[in-house]
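As C-alpha cells, the structure follows; a few thoughts come after it.
The values are calculated or read from the model by the stated rules, or taken from the named source; none is laboratory data. These numbers were taken from a predicted model, which means no experiment stands behind them. When we count neighbours, we look across all protein chains shown, and the Cβ atoms used for this are built from the backbone with ideal geometry, even at glycine. Just so you know, the surface numbers come from the protein's heavy atoms only, side chains and all, with ligands and any DNA or RNA stripped out. Shrake-Rupley method; radii C 1.70, N 1.55, O 1.52, S 1.80 Å.
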Amino acid sequence: MSEHDDDSLYRELVEHQQDLLVKFTPDGHLLFVNTAYCHMVGKAREELAGSVFMPATDQRYSEVMAARMTRLFRPPYACQVEQWISSPQGPRCISWSARSITDGNGNVTAIVATGRDITRLQREHRSIRKRDEELMLLLESGTQMYFTHSPDHTLRYVSPRIRALLGDASRSGKRLWTDYLTDEPLNARGLERTLKAISSGRREPPYRLEFYGQNNTKIWVEVNEIPVVKDKKTVAIAGYIVDVTEKKKVEEGLIEAEILLKGCGGQKKAGGEEADQGPFAALKTIFSPKKSQSDNDIPPDIPDNL
C-alpha cells in the first residue's frame, strides 16, 4: 500500500468518525477539525480554521475548562473535561479526552482531542437528581426518619432529620449508631434484636431505644428495621425510626395515674360485691354528681315565669 493510500485511509477514518476530532495549538487556535465537529457547531471547516477553540464554549464554562486544561502542560500531558457548546440543535455537552504532543523536551507543540456528545446522558443524570431530590423531600416530610448501617453498626446513610435529632451525626459518617445510646437498660433488648436480625437475616419486631440527642437531651425512638441479605449473608440493616419521646411521657403518666387510682374505692354491686373499676371509671366516679339522700338536698323548682 502506498503512502497516498495510507493518507486516504486515515482521512476516511477521521472524517467518518461520529466522535469530534480537533487539533489546536498551545494557545488554543484550531489546526484541524473533522466533519463531525463542523456539523456539531454549525460552521464550515474554512470558517473554523485558525479560530480560537475556546470561544465555541459559553463564557461561564470557558474559564473552568481553561483551568482544567493546564494539566496538558505538565506530565502526564493529558486531561478529560466536559464542555457545553452552542450548536444549531441547542446547547450540547461534549466530553473531551485531550493529550499534548511534545517535542521530546517537555515543550507542548500541539494538542489533539476527541469529543463525544453526552448531552442525553447529562439530562438523564439531571432528571435522576431531580427525582432523588423529590423523593428525599417526600421521605423527609413524614414522621419516619430513615437510616442504614453495616453489620458492625457503622452508620452508612443517616436521614438529615436524624442528624438534626442526634446533633452531631452529620459530622461523622463513620460513627457507630451505638455511640448515641444512653445507659437505659431497655437499650440492651433493642441491641439484641438487631444482632439477631443480622445473624438470622430475618426481620425482627419493632423495638424502642433511648438516645442522647442535642445538648445531651434524652430521646426515645421506635425502630423498624430489616436486614439486607446478599448471598445468604446480611450485608446491611435498613430501616427507619420515629421519635416517640412525647408518647413515652404520656404512657408513663398513664401508668402513674393508674397506680394512684388503685386506692380509689369501688362501688358495690347488688349483693355487696365490689364493682370492677379501671382508672377512667374511678375518675368518672370522683367527678360525677352524687344522688341526694334526702328531700332537703333537692333544690326547689325554678318558676317558669323567671
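Selection of the range 94-108 for residues being more than 17 Å from PHE24 (Cα to Cα) and either open to solvent by 80 Å² or more (accessible area, probe 1.4 Å) or touching an Asp or Glu at 6+ places or on another chain (Cβ under 6 Å) (or both) yields only ASN105.
Quick one: would you say ILE111 is of a type in the set (A, V, I, L, M, F, W, C), open to solvent by less than 80 Å² (accessible area, probe 1.4 Å) and part of a helix (DSSP H, G or I)? Explain how you work it out, then say what you get.
Numbers: of a type in the set (A, V, I, L, M, F, W, C): yes; open to solvent by less than 80 Å² (accessible area, probe 1.4 Å): yes; part of a helix (DSSP H, G or I): no.
The answer is no for ILE111.
Scanning the range 174-196 for residues that are within 16 Å of SER150 (Cβ to Cβ) and over 24 Å from the mean Cα position of the chain (by Cα) yields LEU191, LEU195. Exactly one residue out of SER127, SER199 is over 15 Å from the mean Cα position of the chain (by Cα) and under 30 Å from GLN80 (Cα atoms): that is SER127. Selection over the range 42-86 of residues that are under 23 Å from VAL14 (Cβ atoms), at pLDDT 90 or above and surrounded by fewer than 17 Cβ atoms within 10 Å (Cβ to Cβ) gives a count of 9.
Against the condition within 25 Å of LYS248 (Cβ to Cβ) and surrounded by 16 or more Cβ atoms within 10 Å (Cβ to Cβ), how does THR194 come out, does it pass? Yes, satisfied. When residues in the range 82-108 are screened for being within 15 Å of MET40 (Cβ to Cβ), of a type outside the set (Phe, Trp, Tyr) and in a strand (DSSP E or B), 7 of them pass. Residues in the range 114-149 that are among the aliphatic types (A, V, I, L, M), under 27 Å from PRO227 (Cβ atoms) and open to solvent by 80 Å² or more (accessible area, probe 1.4 Å): LEU135, LEU138. Considering only residues in the range 211-244 that are over 18 Å from LEU139 (Cβ atoms) and open to solvent by less than 20 Å² (accessible area, probe 1.4 Å), the one that is modelled with the lowest pLDDT turns out to be GLY213.
Which of the residues spanning the range 218-238 are touching a Lys or Arg at 6+ places or on another chain (Cβ under 6 Å) and farther than 17 Å from TYR157 by Cα? Outline the logic, then answer.
Taking the range 218-238 as the starting set, the residues that turn out to be touching a Lys or Arg at 6+ places or on another chain (Cβ under 6 Å) are 220, 222, 226.
Of everything in the range 218-238, those that are touching a Lys or Arg at 6+ places or on another chain (Cβ under 6 Å) and farther than 17 Å from TYR157 by Cα turn out to be TRP220, GLU222.
Does the range 145-161 contain at least one residue that is at pLDDT below 85 and either in a helix (DSSP H, G or I) or at negative phi (or both)? Full working, then the answer.
Our first condition is that a residue be at pLDDT below 85; within the range 145-161, this holds for none.
No, the range 145-161 has no match at all.
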